[in-house]
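Here's the structure, in structure tokens; my notes come after.
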Amino acid sequence: MACLSKRELLKGSLCAGLAAGFGQPVGADEPKSVFMVLWRGETEVEAGFRAHFEETGLPLDITVTSLDRDPGRLPEILADIDRAAPDLVYTWGTTVTLGIAGRDPELADSPEDYPPRISGTPIVFTMVSQPVKSRIIRSFGESGRNLSGVSHIVPLETQFRAMQAYMPIDRIAVIYTPTEPNSVLVVEQLINLGRRLNIRIDDFPVPLDADGHPDPDSLPDLVAAAAATGPQFLYLGPDSFIGQYARQVTRLANARRLPSFASTEVMLASSDALFGLVAPYEKVGRFTASKVERILFGNESAGTVPVEVLPEFSYQIRADVARELEIYPSLSLLDYAEVIDQ
């Protein structure tokens with residue numbers, strides 16, 4: 001495949017998505033309360049969320065708490081939510097959303113998958129890479145639950161087309177954290193899609209230390225093992241641990257002339273990946289805010305506000321990395337790609 005068209009890469013219009021279903025806000029003068037539960041503190045997503053409400057002037061009181069990457073804090077945070085009795089709960093990421101909302105009760109394997117957590121309070125999630133595969137919802141669209149949300153991951157088949165637009169591919173390597181549910185789901189999907197498209201996927205789970213935590217000392221050996229399989233790209237998925245060490249991982253890979261493809265904006269921005277097809281985090285936050293607005297000020301129930309993937313993606317290429325590796329994009333790709341030079 002030579003290249004992707006703008007129509008293929010940038011399906012939909014964010015502006016149209018934000019405007020859909022809006023009428024005159026109901027009770028706009030009455031402050032509403034949102035309890036934010038984050039995974040690793042505030043990000044550009046929350047900056048976009050706050051900017052939306054600052055611009056609309058709708059009164060919103062926000063309480064923020066973070067797990068700081070520790071799921072063991074969920075019980076105390078659930079108790080805090082009960083005491084606060086907010087109008088809406090905002091959850092960031094798969095682990096937080098599963099801990100607060102649980103799986104869809106019709107998809108749960110056991111009652112433990114869907115314990116009584118929050119009763120009667122709408123939930124809006126953001127930054128959940130695989131809400132269907134995680135069984136938070138049955139399908140995109142109306143959830144039928146007291147929740148809505150936004151996914152930030154470009155569909156995997158579109159990501160494959162983006163990689164093929166840069167160069168022909170028949171093999172991809174991926175390093176991932178086996179204790180992160182979203183990462184495991186993405187790798188499973190990569191492997192299944194690779195079989196269908198005749199692209200080999202070599203996966204390398206990060207070993208765990210004696211305490212059950214991913215071991216950063218293993219990363220040089222993992223990158224070496226991945227490069228030895230001869231892939232065209234190292235795939236950087238929505239993995240929080242790999243994200244912490246993204247600069248190290250990509251520099252190790254680049255030293256072995258293995259370019260990296262990033263699936264999220266933060267992974268691309270915090271690493272020396274060659275390129276990526278990403279959803280801008282600030283726009284993810286604004287899109288999430290539009291759903292919260294519809295629920296809190298538009299008198300819509302959370303279950304009828306559709307769960308969606310952000311409809312606007314950005315194809316970004318690091319010119320300095322391309323020069324370092326001497327792996328250059330086609331001129332036609334530059335018609336729609338955003339070229340970054342650091």
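The values are calculated or read from the model by the stated rules, or taken from the named source; none is laboratory data. Predicted model only: the values in this text are computed from it and were never measured. Positions of Cβ are generated from backbone atoms using ideal geometry, with glycine treated the same way; all protein chains shown enter the neighbour counts.
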Query raised in the report: Taking segment 286-334 as the region of interest, how many residues are free of Cβ contacts under 8 Å to residues at least 12 places away in the same chain and either of a type in the set (Asp, Glu) or surrounded by 18 or more Cβ atoms within 10 Å (Cβ to Cβ) (or both)?
Result: 1
Query raised in the report: Would you call Ser271 among the polar types (S, T, N, Q) and in a helix (DSSP H, G or I)?
Result: no
Report summary line: If we keep only residues of segment 74-115 that are at pLDDT 90 or above and acidic (Asp, Glu), then the residue farthest from Phe49 (Cα to Cα) is Glu76
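Here is a yes/no grid of residues against (1) surrounded by fewer than 20 Cβ atoms within 10 Å (Cβ to Cβ); (2) within 21 Å of Val186 (Cβ to Cβ):
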residue	(1), (2)
Pro207	yes, yes
Asp221	yes, no
Ala227	yes, yes
Pro238	no, yes
Val249	no, yes
Arg256	yes, no
Ser260	no, yes
Report task. Look through segment 229-241, keep the residues that are outside any strand (DSSP E or B) and touching a helix residue (DSSP H, G or I) at 6+ places or on another chain (Cβ under 7 Å), and return whichever of them is nearest to Ala162 (Cα to Cα). Result -> Gly237
Query - Checklist (1) within 30 Å of Leu334 (Cβ to Cβ); (2) in contact (Cβ under 8 Å) with a residue 40 or more places away in the chain applied to Ser240, failing item - result: (1)
Query - segment 221-232 residues that are at positive phi, paired with ones that are part of a helix (DSSP H, G or I) and surrounded by fewer than 20 Cβ atoms within 10 Å (Cβ to Cβ) (beta carbon under 6 Å, 6 or more apart) - result: none
Query raised in the report: Restricting the search to segment 133-146, which residues are under 20 Å from Pro181 (Cα atoms) and in contact (Cβ under 8 Å) with a residue 60 or more places away in the chain?
Result: Ile137, Phe140
Query raised in the report: What residue, of Gln130, Gln189, is under 24 Å from Pro311 (Cα atoms), modelled with pLDDT under 95 and not assigned by TED's automatic domain parsing to the domain that holds Lys32?
Result: Gln189
Requested in this report: Kindly check whether there is at least one residue in segment 90-98 that is under 26 Å from Thr264 (Cβ atoms), in contact with a helix residue (DSSP H, G or I) (Cβ under 6 Å, 6 or more places away or on another chain) and part of a strand (DSSP E or B).
Outcome: yes
Report task. Can you work out which of the residues in segment 118-158 that are among the polar types (S, T, N, Q) and either at positive phi or touching a Ser or Thr at 6+ places or on another chain (Cβ under 6 Å) (or both) is surrounded by the most Cβ atoms within 10 Å (Cβ to Cβ)? Result -> Thr126
Requested in this report: Please work out which residue is nearest to the chain's Cα centre (by Cα), limiting yourself to segment 242-264 and to residues that are at pLDDT below 95 and either part of a helix (DSSP H, G or I) or closer than 17 Å to Asp320 by Cβ (or both).
Outcome: Gly243
